[in-house]
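Right, one structure below, let's go through it.
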Amino acid sequence: MADTPTPCLTAPEFQRRLLAWFDQYGRHDLPWQSPRSAYRVWVSEIMLQQTQVTTVIPYFERFMERFPTLNALANADQDEVLHLWTGLGYYARARNLHKAAQTARDEHGGELPVESVEALMALPGIGRSTAGAIIAQSQGTRAAILDGNVKRSLSRLHAVPGWPGKPAVERTLWQLADYFTPNERLADYTQAIMDFGATLCTRARPDCVICPFADVCAAYKEGAPQRYPESKPKKTLPTRDTLMLVLRDEQGRVWLEQRPPSGLWGGLWSLPQFDDRTALSDWLETFTDSAIIEPALPGFTHTFSHFRLAITPQPARCAGLNGVREKGVWFDPLDPPALGLAAPVKSLLKQLAPFSLDPTPGP
């Protein structure tokens, strides 16, 4: 294991300690564990990226109720998939999930290609760790994983310097992850090492006193487990300004337009956006009858990973639209259709009427 720290324990001893901890303290009743199929594990793993288990569980259960099989997901409209994803964020995950299901339907007989990590990674949105988790948990076949929880745990146990996003650091962690992965109890081991990071070796308050690896943890010996893993170098986020047009007709419906398939809020439904008031006024003059601009609503900021979006909601009313607008719909707040909504748009629409926009299918 060149360029890799000496493992804190032999692989069998590491596995013994981790599985003993898991048998007593791990999570054994997660909804994707019973029944545990490749499809259910895959959906859960995609949802769990950047999202906590407690948040994911109700989304997963609604998703499985509507799309109990891969083919049901593949045959659905993207709008319905995005609607059920509304609130989970990182919507590229949902778009890729849908595309991957369609690829599996068309090229793999409606099943995930679980014969190898490489075959799964050929599908949209499935990386090496996700592929390993699907294979290990659904097939019981040996495959290593390296999600955020595992990265944090292995970084602390071995005091691995550097940000895990750097290729050299990630290679080191993959070597350690592969070294410790057993040949038996793969589903339990995979869940165990994820649970260990999520519930004990946590980011802010690791419970080192009861940790089964406290005697061999290099970060604990240093007295600073929170130092590992190192954080991503910070950079100042730029701010962009946008005007969101909240245009209502005489029936109180709100005009929404679908975003392009890729990019910001790709495929979701959003309020029309403008860089300045001139562009907004020109749009109203071109596409509406007798539009009346009302006082602007208080602005707010929505933060993305690489920039902040300063949003100013601009209400207006009109008798109707002129001409044909592609990818647009009049949205009735009192009888909302099942559409995938951008998070700030959902928040604004909730202010218009006492109704629910929970991500459940329409009638």
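The values are calculated or read from the model by the stated rules, or taken from the named source; none is laboratory data. It should be emphasised that the depicted structure is a prediction, and the values quoted were computed from it without experimental measurement. Note that we place each Cβ from the backbone using ideal geometry, even for glycine, and neighbour counts take in every protein chain shown. Side chains are part of the model used for accessible areas, which takes the heavy atoms of the whole protein and leaves out ligands, DNA and RNA. Shrake-Rupley method; radii C 1.70, N 1.55, O 1.52, S 1.80 Å.
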How much net charge surrounds Ser290 when only other residues with a Cβ under 15 Å from its Cβ are counted (Lys, Arg +1; Asp, Glu -1)?
-3
When the accessible area of the chain is split by element with a 1.4 Å probe, what percent falls to carbon and sulfur?
49
Roughly how big is segment 204-363's charge dipole about its Cα centre, with Cβ charges of +1 (Lys, Arg) and -1 (Asp, Glu), in debye to the nearest 20?
620
Just the number please: accessible area per residue for the chain, 1.4 Å probe, all protein chains included, in Å².
48
Over the chain, with a single point scatterer placed on each C-alpha, what log10 of the ratio I(q)/I(0) does the Debye formula yield at q = 0.07 1/Å?
-0.39
What is the packing order of peptides 305-318, 281-294, taking the mean over residues of other C-beta atoms within 10 Å and listing the highest first?
305-318, 281-294
Percentage of interatomic Cα-Cα distances in segment 157-285 larger than 17 Å:
75
On alpha carbon coordinates alone, what is the Rg over Rh value for segment 77-184, Rh being the Kirkwood radius?
1.03
Beta bridges by DSSP in the chain, antiparallel share as percent, to the nearest 5:
60
For the chain, with the dipole built from +1 on Lys and Arg beta-carbon atoms and -1 on Asp and Glu ones, taken about the Cα centre, which of His108, Pro164, Ala214 lies farthest toward the positive end?
Ala214
Compute the projected area of the convex hull of the Cα atoms of segment 222-330, averaged over all viewing directions, and report it in nm² to one decimal place.
9.8
With a 30 Å threshold on alpha-carbon distance, the violating pairs from Lys99/Lys151; Lys327/Lys350; Lys151/Lys327 are Lys151/Lys327
Rounded to the nearest Å, the spacing of the alpha-carbon centers of segment 54-116 and segment 286-354 is 27
Cα-centred dipole magnitude for the chain, charges only on beta-carbon of K, R (+1) and D, E (-1), debye, nearest 20
1060
